[in-house]
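What follows is a single structure, written as structure tokens, with notes after it.
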2 protein chains.
Amino acid sequence: MNFVFLCAIINEGDFMQRYFINNEQVNNDIINIIGEDVHHIKTVMRMKTGEKVMACTDEVNYLCEIISITDIVKLKVLEVIIENNELPVSVTIAQGLVRREKTEEVIRRITELGASEYIPVVMKRSVVKANNEKLDRWGRIVKEASEQSHRNKLLTISSPITLKELINKKEEYDLCLFAHFDEDSNNLDFYIKNNRIKKILVLVGPEGGFDQSEVDLLKTNGFKVVSLGKRVLRTETAPLFLMSVISNEFEE
Amino acid sequence: MNFVFLCAIINEGDFMQRYFINNEQVNNDIINIIGEDVHHIKTVMRMKTGEKVMACTDEVNYLCEIISITDIVKLKVLEVIIENNELPVSVTIAQGLVRREKTEEVIRRITELGASEYIPVVMKRSVVKANNEKLDRWGRIVKEASEQSHRNKLLTISSPITLKELINKKEEYDLCLFAHFDEDSNNLDFYIKNNRIKKILVLVGPEGGFDQSEVDLLKTNGFKVVSLGKRVLRTETAPLFLMSVISNEFEE
């Protein structure tokens, strides 16, 4: 999703309209807004020349004034704002396939909370079947949540994979965890009090939790068991707990 | 809400039906289930004598067998299980009045995450009006979430109060915080790394955040400013972040 899109900041006190742009759209102090955002500026927002917007790349925000509106919208850069709101650690949340509304809730919240990637995983107790039809819709949810939370980067959503495929990806991460409670489990602090960690993968079970064969397979493959406190959290709450604690730990 | 109610454990691997009971219902090794739960046992669950249920007080769980089903259901205690899943700290989440579906989402999740109390607060930027009509419905949400998460105690929900009324309650707490970002804000760890804290109050703003006059009033009255990381969290996400981090900190 490396194209321009529009970010509506809904937080009062920061009504500045945001646009994600590519570096190629920046030409010295002029930025060209193209594609769907032009329609949004002209027709939805009914903005006029002279009004201000924020154009955002992965790393820089440009505070701009609209100088012309035709088939493209031209912006003049007034100020360059360096603002990095990304977590200093990359967190991938993998989750047993769950129902659509739960998936969407999780995607929305973990985007706000700074996650890098979401991977749905086909697991024994998943009550829904894998399908890719929702990827577009999920992308829009990520976009909206990124706008609202002032993210610099977009969460990546993977197509559903099997547990074995997930396990095969373990070398990509410094730390692989799964949220479960048994005699081997420790709380999150136990695992993340190591500042050298740069990439974390955490797998959360579907509504019915992990099958024992899945627990065994994960342990055999070096995944560590993380417990999330004494209460039984729903599958859609667990990722928010994980992201909150990780964010609080790494942004100290 | 000091009456008996039924807890349906939906977590696979723990299908035991749970009932919250009063101590008065326990008579040596016999427990009487009364009221709405009788209907639930007989008609909804279609349980028979000989089947097992868990009867729970604030402090003890009784593993029981059903010995008779008439206008009341009699249980025989097979085993007393001491299980305390409550946080070692009491956390009150106060929140600017928000829309119904957001309130319900917050109540459900903070119940799971171990909160003690929820107080809706009438604030300048609240877009909805206070009403008490929903207290019954909210009680049912608390009940369901308590069942699912194996809480021992029920979250208390207060009727909506004003900000001044909230401030007047400050002496009841060891630590009063509000979630906001300015030059005085610190992260949660800064405030809670004090093990003597037993009761925490955290106020989260409504969708539009705090009015500056509210920020000033809170600070004047000794409320401390807590920031929740670099990203802008929605009002319904902030309480989950707070509860997750507090739970992780105090249950270490």
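Quick note: the coordinates plus some simple rules give every number you see, no bench work behind them. Just so it is clear, the model here is predicted, and its values are computed rather than measured. All Cβ positions, glycine included, derive from the backbone under ideal geometry; neighbour counts span all protein chains shown.
Okay, here's what the table says:
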| quantity | calculated |
| --- | --- |
| Burial ranking of peptide ranges A:206-215, A:88-97 (average Cβ count within 10 Å, highest at the top) | A:88-97, A:206-215 |
| Where Cα atoms sit under 26 Å apart: lysine pairs in segment A:69-150 separated by 8 or more or lying on different chains | 9 |
| Other protein chain Cβ atoms within 10 Å, averaged over every residue that makes up B:219-232 | 4 |
| C-alpha center-to-center spacing [segment B:14-64, segment A:22-59] in angstrom | 62 |
| More than 20 Å apart - percent of Cα-Cα pairs taken over segment A:73-204 | 52 |
| Fewest-first sequence of B:V77, A:V202 by Cβ atoms within 10 Å of each Cβ | B:V77, A:V202 |
| Relative packing of peptides A:19-25, A:43-49 - highest average C-beta neighbours within 10 Å first | A:19-25, A:43-49 |
| Peptide B:233-242 - average C-beta neighbours from other chains (10 Å radius) | 5 |
| Inter-copy label distances at A:S159 (7 Å, Cα→Cβ; nm, one decimal) | 5.7 |
| Within segment A:188-221, backbone nitrogen closer than 19 Å to the virtual label 7 Å beyond the Cα of A:E101 toward Cβ | A:206-208 |
| Whole-number D in µm² s⁻¹ for the protein assembly as shown, Kirkwood Cα-pair radius fed into Stokes-Einstein, 37 °C, 0.692 mPa s | 133 |
| For the axis carrying chain A to chain B: nearest C-beta residue of A, whole Å | A:S244, 2 |
| Ranked B:I167, B:I107, A:I34, B:I82, criterion: other C-beta atoms within 10 Å, fewest first | B:I82, A:I34, B:I167, B:I107 |
| Averaged over B:103-112, number of beta-carbon atoms from partner chains that fall within 10 Å | 2 |
| Inter-copy separations for B:E65, label at 7 Å along Cα-Cβ, nm, ascending | 8.5 |
| Shortest-first distances to equivalent copies, position B:K219, nm, label 7 Å out along Cβ | 5.3 |
| Spin-label model distance (nm) - B:L63 vs B:N186, 7 Å beyond Cα toward Cβ | 4.6 |
| Protection proxy ranking of B:221-227, A:240-246 - average other beta-carbon atoms within 10 Å, highest first | A:240-246, B:221-227 |
| Bridge type composition, the protein assembly as shown - antiparallel percent by DSSP, nearest 5 | 45 |
